[in-house]
1. When you scan region 65-82, do you find a residue that is over 21 Å from Thr106 (Cβ atoms) and in contact with a Phe, Trp or Tyr (Cβ under 6 Å, 6 or more places away or on another chain), even just one?
2. Which members of region 153-180 meet the condition of being within 15 Å of Leu135 (Cα to Cα), in contact with a strand residue (DSSP E or B) (Cβ under 9 Å, 6 or more places away or on another chain) and within 12 Å of ligand 1 (Cβ to nearest atom)?
3. If Glu95 satisfies every condition in (1) more than 22 Å from Ile191 (Cβ to Cβ); (2) in a helix (DSSP H, G or I) but one, which is the exception?
4. If you go through region 33-51 one residue at a time, do you hit one that is open to solvent by 60 Å² or more (accessible area, probe 1.4 Å), more than 20 Å from Pro117 (Cα to Cα) and within 13 Å of the chain's Cα centre (by Cα)?
5. In region 95-109, how many residues are among the small types (Gly, Ala, Ser), on the phi < 0 side of the Ramachandran plot and surrounded by fewer than 19 Cβ atoms within 10 Å (Cβ to Cβ)?
6. So which residues in region 131-147 are within 11 Å of Pro117 (Cβ to Cβ) and either of a type outside the set (Phe, Trp, Tyr) or touching a helix residue (DSSP H, G or I) at 6+ places or on another chain (Cβ under 8 Å) (or both), if there are any at all?
7. Consider only pairs whose beta carbons are under 9 Å apart and that are at least six residues apart or on different chains; among these, list those whose first residue lies in region 107-125 and is closer than 16 Å to Asn151 by Cβ and whose second residue is assigned to a helix (DSSP H, G or I) and of a type in the set (Lys, Arg).
8. Taking the condition of being acidic (Asp, Glu) and closer than 17 Å to Leu169 by Cα, how many residues in region 102-132 meet it?
Amino acid sequence: MKRIISPSLLAADFTRLDEQIHSVEEAGASRLHLDVMDGNFVPNITFGPLIVEAINRLTDLRLDTHLMIEKPHRYFEPFVQAGADTLIIHVEASENLDHDLSTIRTLGASPGVALNPDTDFNILLPHLNLIDYILIMSVFPGFGAQSFIENTLENMHKAVAARKDHAYLIAVDGGVNTQTIDRVFSTGIDIAVVGSNLFGAPDILLRYREL
Ligand code: DX5
Ligand code: ZN
């Protein structure tokens, strides 16, 4: 268990992106979380490879790119070329999970899989040897600043229990804040993705330390 905080830029001030990224770098972050939404898989639209490429020029931090898009395989190449280090696809959106995960690895990125709150972790059991990063959603994807869904702790426990023969990282995304983070990390997961609670704080450095 590593206890890493991965700032989600969805909650950052995009007019001051450079400054906001440098604040979390200074605070000690090693990886950023980028939320890509297509207005189809989720009812919201954010950004595509163009912005990922700009972010990549602003920082050397690892870019974990969370693809909340239908048929994600159509966009693997442009996102890897833009500098995405991990490509996280939704098991609910992929048409051929094994093929997608292998393609991501062949392109030179780390394959990740995200699970919606109502998808059971066990769906991943046949695929674990192809996965570097598991993202357990603790809210329904689409928007920041939603409340943590308690029964997703079960998926966290299952992901930790199934890891004994594998080496994947386990991350949790949605509603993680100073109130919920202890419960999340106590399951044994490695990475807490934090958006609004970090970038919405009056002092980002201080909040990072509190978390
Ligand atoms: C939700 C996104 C999250 C989001 C988390 O669809 O996948 O990464 O930014 O935001 P907070 O931390 O505000 O719940
Ligand atoms: Zn996300």
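1. First, the residues of region 65-82 that are over 21 Å from Thr106 (Cβ atoms): 68, 70.
Subsequent filtering for residues that are in contact with a Phe, Trp or Tyr (Cβ under 6 Å, 6 or more places away or on another chain) retains 68, 70.
Yes, region 65-82 contains a residue that is over 21 Å from Thr106 (Cβ atoms) and in contact with a Phe, Trp or Tyr (Cβ under 6 Å, 6 or more places away or on another chain).
2. Those that are within 15 Å of Leu135 (Cα to Cα), in contact with a strand residue (DSSP E or B) (Cβ under 9 Å, 6 or more places away or on another chain) and within 12 Å of ligand 1 (Cβ to nearest atom): Ala171, Val172, Asp173, Gly174, Val176.
3. (2)
4. no
5. Step one: filter region 95-109 for residues among the small types (Gly, Ala, Ser), giving 102, 108-109.
Now narrow it down to the ones that are on the phi < 0 side of the Ramachandran plot: 102, 109.
From what is left, the residues that are surrounded by fewer than 19 Cβ atoms within 10 Å (Cβ to Cβ) are 102.
Residues flagged as among the small types (Gly, Ala, Ser), on the phi < 0 side of the Ramachandran plot and surrounded by fewer than 19 Cβ atoms within 10 Å (Cβ to Cβ) within region 95-109 amount to 1.
6. Within region 131-147, the subset within 11 Å of Pro117 (Cβ to Cβ) is 136-141, 146.
If the condition is that a residue be within 11 Å of Pro117 (Cβ to Cβ) and either of a type outside the set (Phe, Trp, Tyr) or touching a helix residue (DSSP H, G or I) at 6+ places or on another chain (Cβ under 8 Å) (or both), then Ile136, Met137, Ser138, Val139, Pro141, Gln146 are the ones that fit.
7. From residues that are closer than 16 Å to Asn151 by Cβ, the pairs are Asp120/Lys158; Phe121/Lys158; Asn122/Lys158.
8. Of region 102-132, the ones acidic (Asp, Glu) are 118, 120, 132.
Of the ones still in play, those that are also closer than 17 Å to Leu169 by Cα are 132.
So the answer is 1.
The values are calculated or read from the model by the stated rules, or taken from the named source; none is laboratory data. As the structure is a computational prediction, the values presented were derived from the model and not from experiment. Every residue, glycine as well, gets a Cβ built from its backbone with ideal geometry; the counts of neighbours run over all protein chains shown. Remember, those area values only see protein heavy atoms, side chains included, never the ligands or the DNA or RNA. Shrake-Rupley method; radii C 1.70, N 1.55, O 1.52, S 1.80 Å.
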